[in-house]
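The values are calculated or read from the model by the stated rules, or taken from the named source; none is laboratory data. Given the structure is predicted, the values throughout are model-derived calculations rather than measurements. Cβ placement follows ideal geometry from the backbone for every residue including glycine, while neighbour counts extend to all protein chains displayed.
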């Protein structure tokens, strides 16, 4: 719906206006991705993003959490998924579309263009459910129009509101769902150059999907509306 605004305050909070009747939270997996992408797009101009997600069962709801806990305990119970989730991964989130993508994948593609306000960014996604709780993780491969310096990339992400860089492979420091659980920030690590093609970066993004991916983002939108005197 072109008339419905999808808002992530750190990315496109300036679109809010007194005329807005409906303001929607984007998909949880989109939110954490665009927060990390915004400073890089501003600095280097993104051409293409390839994202693979590793999404917590909490994104499905209580029924899915119960399924995972029951399976871990060896108990039969109500199923949220068509297959076992414990000791398994399911490359299927939401319904399949005619083009072979799932609805979740298409949301990530379309929402990224809308929130970033740039339809020229090419996005492709594969979304996967994994047997963890605490947050969603994403592997991003990002091609830019312009070359970059890795230290400048880290500095740009660290300066972005709501982002924390955790990127020290020598001391085994990188973002994980257990560390993002209960936090409002987006954590970024494994920042490295893609050596297979020019102007391309790999990085790993983690956030608590029930916090920044949902409740926290909604609260931040309300706070921004109040700050602007719109409510």
Self-check item: Matching residues in the range 1-40 - criterion: being touching a residue at least 24 places away in the same chain (Cβ under 8 Å), closer than 23 Å to residue 105 by Cβ and surrounded by fewer than 19 Cβ atoms within 10 Å (Cβ to Cβ)
Solution: 12, 25
Practice problem: Go over the candidates 107, 114 one by one and state the one that is farther than 25 Å from residue 67 by Cβ and either modelled with pLDDT under 95 or crowded, with 17+ Cβ neighbours inside 10 Å (or both). | Solution: 114
Quiz item: free of Cβ contacts under 8 Å to residues at least 24 places away in the same chain, closer than 24 Å to residue 37 by Cα and assigned to a helix (DSSP H, G or I): does that describe residue 105?
Solution: yes
Practice problem: Of the numbered conditions (1) out of contact with any helix residue (DSSP H, G or I) (no Cβ under 9 Å at 6 or more places or on another chain); (2) under 30 Å from residue 3 (Cβ atoms); (3) not in a strand (DSSP E or B), residue 48 fails exactly one; give the number of that condition. | Solution: (3)
Exercise. Please name all residue pairs, on different chains or six or more residues apart, with Cβ atoms under 6 Å, provided the first residue is in the range 158-184 and is free of Cβ contacts under 8 Å to residues at least 24 places away in the same chain and on the phi < 0 side of the Ramachandran plot and the second residue is surrounded by fewer than 19 Cβ atoms within 10 Å (Cβ to Cβ) and not in a loop (DSSP other than H, G, I, E, B).
Key: 166/173
Quiz item: So which of 100, 134 ends up being assigned to a loop (DSSP other than H, G, I, E, B) and within 18 Å of the chain's Cα centre (by Cα)?
Solution: 134
Self-check item: Any hit, the range 155-174, residues being part of a helix (DSSP H, G or I), at pLDDT 95 or above and buried (at least 17 other Cβ atoms within 10 Å of the Cβ)
Solution: yes
Quiz item: Taking residue 141 and the conditions (1) at pLDDT 95 or above; (2) surrounded by fewer than 18 Cβ atoms within 10 Å (Cβ to Cβ); (3) under 20 Å from residue 8 (Cα atoms), which numbered condition does it fall short on, given that it satisfies the others?
Solution: (3)
Self-check item: Single residue of 26, 39 found to be in a loop (DSSP other than H, G, I, E, B) and within 22 Å of residue 161 (Cα to Cα)
Solution: 26
Quiz prompt | Residue list for the range 198-226, restricted to those being surrounded by fewer than 18 Cβ atoms within 10 Å (Cβ to Cβ), touching a strand residue (DSSP E or B) at 6+ places or on another chain (Cβ under 7 Å) and part of a loop (DSSP other than H, G, I, E, B) | solution = 199
Quiz item: Does residue 56 satisfy being within 19 Å of residue 108 (Cβ to Cβ) and either under 20 Å from the mean Cα position of the chain (by Cα) or in contact (Cβ under 8 Å) with a residue 40 or more places away in the chain (or both)?
Solution: yes
Self-check item: Residue pairs meeting the criteria (Cβ under 7 Å; at least 6 apart or on separate chains; first over 23 Å from residue 182 (Cβ atoms), in the range 217-231; second surrounded by fewer than 13 Cβ atoms within 10 Å (Cβ to Cβ))
Solution: 225/231; 230/18
Quiz item: Quick one: residue 87 ticks every box in (1) more than 30 Å from residue 197 (Cβ to Cβ); (2) in a loop (DSSP other than H, G, I, E, B); (3) in contact with a helix residue (DSSP H, G or I) (Cβ under 6 Å, 6 or more places away or on another chain) bar one, so which box is it?
Solution: (3)
